[in-house]
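Only one structure is covered here, and it is reproduced in the block below.
The values are calculated or read from the model by the stated rules, or taken from the named source; none is laboratory data. It should be emphasised that the depicted structure is a prediction, and the values quoted were computed from it without experimental measurement. No Cβ is skipped: glycine too gets one built from the backbone with ideal geometry, and neighbour counts run over all protein chains shown.
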There are 2 protein chains.
Amino acid sequence: MPQSEPPQPTGHPPLGEISNLPLSERIADQVREMILNGDLGPGAPLVEIALASSLGVSRAPVREALRILSLDGLVETIPYRGTTVRGLSRRDIEGLHEIRTLHEGFAIRRIVRAGRHGDLGDLAAQCDEMDRIAQSGDLRALNLVDERFHRSLIERAEHDLLTSFWRTIAMQVRQVMAMRNRRIADAALIAANHRRILETIVAGDADGAALLLEAHVADGTDTVLASWAEGDAS
Amino acid sequence: MPQSEPPQPTGHPPLGEISNLPLSERIADQVREMILNGDLGPGAPLVEIALASSLGVSRAPVREALRILSLDGLVETIPYRGTTVRGLSRRDIEGLHEIRTLHEGFAIRRIVRAGRHGDLGDLAAQCDEMDRIAQSGDLRALNLVDERFHRSLIERAEHDLLTSFWRTIAMQVRQVMAMRNRRIADAALIAANHRRILETIVAGDADGAALLLEAHVADGTDTVLASWAEGDAS
DNA sequence: TAGTGTTACATTGTCGACAGTCGATTGTTG
DNA sequence: CAACAATCGACTGTCGACAATGTAACACTA
């Protein structure tokens, strides 16, 4: 499922990126943002013709977009029946975080084993930024940096398939995050957690870092599940 | 990417499933088999119009089929440029087996932790079948049972996301397997390996089983990589 | 009233045609 | 002859229209 779209080192830094991407991908991006921001709740139907006319395009690119989203695991399609935003059950969320822990732990061990844990400057910079944001109390920004931190960690493992799987995982994590409202009080704690995890990795203690990370993720999971008011089943 | 299709407890148990699937999915199945059997080697271009006329259908379902295959990780699509059968580099194969080991180990630990390792009768039956096939020397059948054994193991973990990821993994493993010719001499050894892994799980020794499995997979990987004549890069 | 045909409707699946994009080839110019 | 522009061809991307499918509501029968 490689659909990556890295920075693309073109030589022209500031030149507002003319969207040369196929229409279908732009549509996918747009609908994805809607889902990930919670504008489209679980179970919401995605009717092709409605989306098409709403966006002023034909059904063909909309169909492709929905296919891409189903590839991302954000959407469920039943033949001849339609496409809906995927609902997440309590079980799904628990499973998601288990898998997430598994993959991040693997990434950490791989980084350390390859001896690359000395060179994690950008991660440190992201921790700094997290500290700053934690004080400002901008929870939305915090989520973004949080996501970027973990993505960087995965990418540092330099494992294509892992990165590819992470795409799916991160997407669903973000969808889950959209369901809850983090409290400002948590922000500082979260920043500290990441700092400690990073430091443990740099120290070369892969297993220790994996444990810290597991605790950190489990904490987030508990927060989500606590505010789980008998939600939808999938 | 949930594509599960459980037993569906309708009231009418035995009523053999009419193939009501959309054309696009049937096309995807067909092309997938071609790739997995090696009829379409890595790098082979999949031209929509050619496939369409060759199958006697329009381009639309073919396009959808190619999307599905790209979802399976069997195919690479570059916008406006076309779709080709994915080539696997040495690095890819190594990474694939790492990820595979990671997931199967997770499955084993989960099964044991949930205390379900006492009830693995179907796996034992598959071991029996493997023994029988090993004597007959039918390598093609051996691969099939092998795949089914590992799939059963994953499914026993009862973890939706894991199962979903496994779909991708198994697909690529099978593609790799299509590249090599197993020797008959290995067959008995392979059957014995599986038997031992299963017994270790049943005994409740998750870590031991995971180690055995890692060795088994690593062995297969080495066999593949050994017969690697400076193959294609991806 | 329980169960079974029937019909209408909303939505997806498929089709053939046209427009857009990219790489390669050819032609042009210094 | 090298570097660049125009052209060509093959292919994918998009479009609007039609066909196939599934659901729900309704009428019908026993």
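Quick look at the values:
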| read-out | value |
| --- | --- |
| Residue list for region A:35-53, restricted to those being among the small types (Gly, Ala, Ser) and within 13 Å of DNA strand D (Cβ to nearest atom) | A:Ala52, A:Ser53 |
| Subset of region A:54-69 (residues that are near DNA strand D (Cβ under 8 Å from one of its atoms) and either of a type in the set (Lys, Arg) or more than 10 Å from every other protein chain (Cβ to nearest Cβ) (or both)) | A:Gly56, A:Val57, A:Ser58, A:Arg59, A:Pro61, A:Val62 |
| Residue, farthest from B:Asp72 (Cα to Cα), within region A:69-82, restricted to residues that are of a type in the set (Val, Ile, Thr) and surrounded by fewer than 23 Cβ atoms within 10 Å (Cβ to Cβ) | A:Ile78 |
| Counted residues, region B:17-49 - those being touching a residue at least 60 places away in the same chain (Cβ under 8 Å), more than 15 Å from DNA strand C (Cβ to nearest atom) and either surrounded by 15 or more Cβ atoms within 10 Å (Cβ to Cβ) or small (Gly, Ala, Ser) (or both) | 5 |
| Qualifying positions in region A:132-160 - touching a Lys or Arg at 6+ places or on another chain (Cβ under 8 Å) and under 19 Å from A:Asp186 (Cβ atoms) | A:Leu139, A:Leu142, A:Asn143, A:Glu147 |
| All positions within region A:139-163 that are modelled with pLDDT of 95 or more, surrounded by fewer than 21 Cβ atoms within 10 Å (Cβ to Cβ) and small (Gly, Ala, Ser) | A:Ser152 |
| Any hit, region B:147-168, residues being within 30 Å of B:Ala50 (Cβ to Cβ), within 16 Å of DNA strand C (Cβ to nearest atom) and more than 10 Å from chain A (Cβ to nearest Cβ) | no |
| Filter result for the condition that a residue is more than 16 Å from DNA strand C (Cβ to nearest atom), without any contact (Cβ under 8 Å) to a residue 60 or more places away in the chain, buried (at least 16 other Cβ atoms within 10 Å of the Cβ) and among the hydrophobic types (A, V, I, L, M, F, W, C), over B:Val62, B:Val85, B:Val57 | B:Val85 |
| Subset tally (residues that are outside any helix (DSSP H, G or I) and among the small types (Gly, Ala, Ser)) for region B:154-209 | 4 |
| Selection count, region A:25-63, where residues are among the small types (Gly, Ala, Ser), out of contact with any Lys or Arg (no Cβ under 8 Å at 6 or more places or on another chain) and not in a loop (DSSP other than H, G, I, E, B) | 5 |
